[in-house]
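The values are calculated or read from the model by the stated rules, or taken from the named source; none is laboratory data. These figures come from a predicted structure and were not determined experimentally. Cβ coordinates were reconstructed from backbone atoms using ideal geometry, including for glycine residues, and neighbour counts include every protein chain displayed.
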Amino acid sequence: MGQKFAIRPLAKTDRKDLIDNYFSYWDELKRNPNLGLSFVPKKPALKDEQVWFKNMLNNVKRGNEVASVALVDGKAVGLCNAHRLSRRENAHIAELGIAIRDGYRGAGIGEALMKDVIKRSRGKFEIIQLAVFAMNEKAEKLYRRLNFKEYGRVPNGMKRDGRYTDTILMYLNIKKF
């Protein structure tokens, strides 16, 4: 692919691009039922996504979330975030999410985003956890390459269009990374 990209922390100006990206994943899901992203039951309205973005920005400001974007030609084409779990006893753990817009995958953007989020998460969190669909082998390989360890599986943990796949649960102790 050879596209040049830049990674930087989330900014208020990323709102439109990231919301457009999210809606594009809904369209992509129609073409690719194996898309390795989780979806809420019903496609959200623009207003809902604007609230999501505002909440993410607020969480970043409060130190409860780290979020990085990938830019190609000034446009945000990917997002990776780690947000603090909400219980007092597990507030040292962050849940990681990542999504790259179709057409920009396979260029190293996901790995660069994750490395940035992991680096910026040090001192805020101790552990980063994630869940990946077993059918998403490329993502699983990336997570393993970045030293995420599998700690469990949920058999048939994902059901889409009547088809099941396992969900692999992984974690990274960033105090040791």
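A Cβ distance below 6 Å, combined with a sequence gap of six or more or placement on separate chains, defines the contacts here; from the range 1-18, residues that are farther than 27 Å from residue 51 by Cα and modelled with pLDDT of 95 or more reach residues that are part of a helix (DSSP H, G or I) and of a type outside the set (S, T, N, Q) in the pairs 5/109.
Scanning the range 1-36 for residues that are aromatic (Phe, Trp, Tyr) and either farther than 30 Å from residue 159 by Cα or part of a loop (DSSP other than H, G, I, E, B) (or both) yields a single hit, 5.
Among what's in the range 39-63 and is part of a loop (DSSP other than H, G, I, E, B) and free of Cβ contacts under 8 Å to residues at least 60 places away in the same chain, pick the residue that is nearest to residue 168 (Cα to Cα).
As a first pass, look at the range 39-63 and keep what is part of a loop (DSSP other than H, G, I, E, B): 39-45, 63.
Going one step further and asking which of them are free of Cβ contacts under 8 Å to residues at least 60 places away in the same chain, we end up with 39-45.
Working: 39: 17, 40: 19, 41: 21, 42: 24, 43: 25, 44: 26, 45: 30 Å.
Once the filter is applied, the top-ranked residue is 39.
Scanning the range 69-82 for residues that are in a strand (DSSP E or B) and surrounded by fewer than 20 Cβ atoms within 10 Å (Cβ to Cβ) turns up 71, 72, 75.
Do any strands (runs of 3 or more DSSP E) lying entirely in the range 94-177 carry at least 1 residues that are touching a residue at least 12 places away in the same chain (Cβ under 8 Å) and closer than 21 Å to residue 21 by Cβ, and which ones are they?
Values: elements: 127-133, 149-160, 163-173.
The qualifying strands (runs of 3 or more DSSP E) are 127-133, 149-160.
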